[in-house]
Amino acid sequence: MTSLNAELRTFYEARQQQIPAEIRQIMQRASQELADSGQADRALTVGAQAPRFNLPSATGQTVALDGLLNDGPVVLTFYRGAWCPYCNIALRSLQQHHEAICARGARLVAVSPQIPDESLTLTEKHDLAFDVLSDIGSDTAKQYGLAFDLPDDLSAVYDKLGFDLQRVNDGHPRTLPLPATYVIDRTGAIRWAFVDTDYTARAEPADIIATLDALH
């Protein structure tokens, strides 16, 4: 099976051909500035206690990290939104591995700054069997050290592309999380972490599953 990141790279290379040079330049500069900011190094990592949260799910329930941990380890993944094609590929891949994650006694949850309606549309579109949670204003992402603000020129590009972050992020159009995935054990300790400023790179499901195996 092709690795998730190989699939993402293939998509990225095809996508680059379709994006006008001036837009590509803005995106690349913003990516480089974010990489240079050191934000990924400041995000929570292995050994830290996972900040607790209570967030609304796509179906209107409130999901608490403590409640999830009562049942076993948690795989917590942060994504930018349904408008991001890389996030869609990553979430589809997690869905393909959902059974293997559950078989190891773990719960998978995905968090984005989108409103629940957007999460519900995404859940239905990809037939996701795991909870998709709304972190409006990115308060939870901030606690994990993942939230950052888009620069003006990139924000304008996203508007031009019709992503409508003002609406889907409920008045917080500039703030997004770095793509990140954490494996949290039952004590609330982070046992494995993937954080990258590059939104075209994501945690490999095989690495998540290997970490869950090592917890036993």
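The values are calculated or read from the model by the stated rules, or taken from the named source; none is laboratory data. From a predicted model like this one, the values you see are computed outputs, not experimental measurements. Quick reminder, even Gly has a Cβ in these numbers, built from the backbone with ideal geometry, and neighbours come from all protein chains shown. The accessibility values were calculated without ligands, DNA or RNA, using every heavy atom of the protein model including side chains. Shrake-Rupley method; radii C 1.70, N 1.55, O 1.52, S 1.80 Å.
Once the other residues with Cβ under 14 Å from the Cβ of Thr62 are scored (Lys, Arg +1; Asp, Glu -1), what is the net sum? Within the 14 Å Cβ shell, the charges total -2. Element breakdown for segment 85-202 at a 1.4 angstrom probe: carbon and sulfur atoms account for 46% of the accessible area.
Amide H contacts of Val63 (H built 1.01 Å from N, in plane; Pro and chain starts excluded): Leu55, Ser57 sit under 5 Å, all sequence-distant by 5 or more or on other chains.
Give, as a single signed number, the net charge of other residues whose beta carbon lies under 15 Å from the beta carbon of Gln18, with Lys and Arg counted +1 and Asp and Glu -1. Result for the local shell: +1. Taking packing as the residue-averaged number of other Cβ atoms within 10 angstrom, the listed peptides 98-104, 71-77, 171-177 run from highest to lowest as 71-77, 171-177, 98-104. FRET efficiency for the pair Arg42 and Asp152, taken as 1/(1 + (r/R0)^6) with r the Cβ-Cβ distance and R0 = 22 Å, rounds to 0.45. Using the Cβ-Cβ distance between Asp207 and Gln16 with R0 set to 30 Å, the FRET efficiency from 1/(1 + (r/R0)^6) comes to roughly 0.70. Taking Cα atoms only, the orientation of helix 205-215 departs from the longest principal axis of the chain by about 30 degrees. Put simply, when 109-119, 206-216, 8-18, 87-97 are sorted by average Cβ atoms within 10 angstrom per residue, most first, you get 109-119, 87-97, 206-216, 8-18.
A helix-only calculation puts the chain at -13000 deg cm²/dmol for mean residue ellipticity at 222 nm, using -39500 (n - 2.57) for each DSSP H run of at least four residues, averaged over all residues. For segment 61-102, the square roots of the Cα gyration tensor eigenvalues, ordered a ≥ b ≥ c, give a/c of at least 1.5 with a/b no greater than b/c, which places it in the oblate category. In the chain, a dipole from Cβ-located charges (positive for Lys and Arg, negative for Asp and Glu) runs towards its positive end, and of Ala141, Pro20, Gln96 it is Gln96 whose Cα lies farthest in that direction. Normalised per residue, the accessible area of the chain is 46 Å², obtained with a 1.4 Å probe and no contribution from ligands, DNA or RNA.
Each Cα pair under 8 Å and six or more residues apart adds its separation to the average, and for the chain the resulting relative contact order is 28 percent.
DSSP bridge analysis restricted to the chain gives an antiparallel fraction near 65%, rounded to the nearest 5. Taking 0.36 nm per residue of sequence separation and removing the Cα-Cα distance, the Asp127/Gln143 pair yields an extension gain of 2.8 nm. Taking a Cβ cut-off of under 12 Å around Ile115, the surrounding Lys, Arg, Asp and Glu residues balance to a net charge of -4, with basic ones at +1 and acidic ones at -1.
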